[in-house]
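The values are calculated or read from the model by the stated rules, or taken from the named source; none is laboratory data. The structure presented is a predicted model; accordingly, all values stated were derived computationally and were not measured. All Cβ positions, glycine included, derive from the backbone under ideal geometry; neighbour counts span all protein chains shown.
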Amino acid sequence: MEDIVIAGISGRLPESDNLEEFWHNLCNGVDMVTEDDRRWKPGLYGLPKRNGKLKDISHFDAAFFGVHPKQAHTMDPQLRLMLEVAYEAIVDGGLNPTALRGTRTGVYIGVSGSEAGEALSRDPEELLGYSMTGCQRAMFANRLSYFFDFNGPSTAIDTACSSSLLALENAFQAIRHGLCDSALVGGVNLLLKPNTSVQFMKLGMLSPVGACKSFDASGDGYCRSEAAVAVFVTRRSMARRIYATVLNAGNNTDGYKEQGE
């Protein structure tokens, strides 16, 4: 059975406009979890003052991606970012995106919510309709399939914090079982409103100091962060470059069990 490989990657991460800058920040010990007012005033509603944020989410070349200006203004910034990093991941794999038009390429995007959709649909008298196609989670995959003219499966996946991992598992299984030859896999999350964070805080899930301390006795919750990442996955024989081989993938649930059992 032919290997399935990751052949292209791209991303936007906290304080990092691309993966090269992200790697540089990691190697130089840069703390990318910051305290500032790029989203809301630090400490608002008693929230942790620190979180991870992308540098800029305001720019988007609507004409390049065939998006009408009216729709671009009501499109979830998460979807705009996914269009950008998906394109870059294909190019990073040594491919011209136009060469993939009409191919059996799948799209699997992990996305848990659209805070932009909530904000843009508050007043019924101001609705344009475009926010429905720009913010529905199904469109996070379907818009990519439409723009690139892909004919493979197109699925948005929400399993909370494991959404993008399950997206990769779905893509792996689809390629292995012949449903598609290649796939774009992505995950995206933006902190546009404090509402979701407030709910996590009231459930006792957030670290008061805004720090994840995985597997450490001093762990006191987790820190929320933003990111938009895409990888291009394909069969080894079709890849022009190889970052990694996906050996296997699977998923399950713990069923009726308390956390930690």
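Things worth noting here:
- Condition check for G29: small (G, A, S) and farther than 28 Å from M139 by Cα: yes
- Residue ID - surrounded by the most Cβ atoms within 10 Å (Cβ to Cβ), chosen from residues in region 209-238 that are assigned to a loop (DSSP other than H, G, I, E, B) and in contact with an Asp or Glu (Cβ under 9 Å, 6 or more places away or on another chain): G210
- For A167: the one exception among (1) under 21 Å from the mean Cα position of the chain (by Cα); (2) part of a loop (DSSP other than H, G, I, E, B): (2)
- Each residue in region 138-153 was checked for being within 15 Å of the chain's Cα centre (by Cα) and closer than 9 Å to Y108 by Cβ, and 1 of them qualify.
- Residue among E84, E88, E21, E118 that alone is in a helix (DSSP H, G or I), modelled with pLDDT under 95 and either at negative phi or not hydroxyl-bearing (S, T, Y) (or both): E118
- Selection status of L54, closer than 30 Å to K202 by Cα, at pLDDT 95 or above, under 22 Å from the mean Cα position of the chain (by Cα) and not in a loop (DSSP other than H, G, I, E, B): no
- Number of residues in region 31-62 that are farther than 27 Å from V198 by Cα and either surrounded by 14 or more Cβ atoms within 10 Å (Cβ to Cβ) or of a type in the set (A, V, I, L, M, F, W, C) (or both): the value is 2.
- Single residue of region 24-42 satisfying the filter (polar (S, T, N, Q) and not in a helix (DSSP H, G or I)) that is farthest from C212 (Cα to Cα): N28
- Residue selected from region 246-257 under the condition surrounded by 11 or more Cβ atoms within 10 Å (Cβ to Cβ) and closer than 27 Å to P97 by Cα, by the criterion modelled with the highest pLDDT: V246
- The single condition from (1) at pLDDT 95 or above; (2) crowded, with 22+ Cβ neighbours inside 10 Å that M139 fails is (1).
- Subset tally (residues that are closer than 21 Å to P97 by Cα and crowded, with 19+ Cβ neighbours inside 10 Å) for region 10-30: 3
- Hey, A183 among the aliphatic types (A, V, I, L, M), within 22 Å of the chain's Cα centre (by Cα), buried (at least 21 other Cβ atoms within 10 Å of the Cβ) and modelled with pLDDT of 95 or more or not: yes
- Failed item, numbered, when D61 is tested on (1) in a loop (DSSP other than H, G, I, E, B); (2) within 23 Å of C223 (Cβ to Cβ): (2)
- For region 196-208, the criterion of being on the phi < 0 side of the Ramachandran plot, β-branched (V, I, T) and not in a helix (DSSP H, G or I) is met by none of the residues.
- A residue that is at pLDDT 95 or above, surrounded by fewer than 17 Cβ atoms within 10 Å (Cβ to Cβ) and over 19 Å from M238 (Cβ atoms) occurs somewhere in region 164-174.
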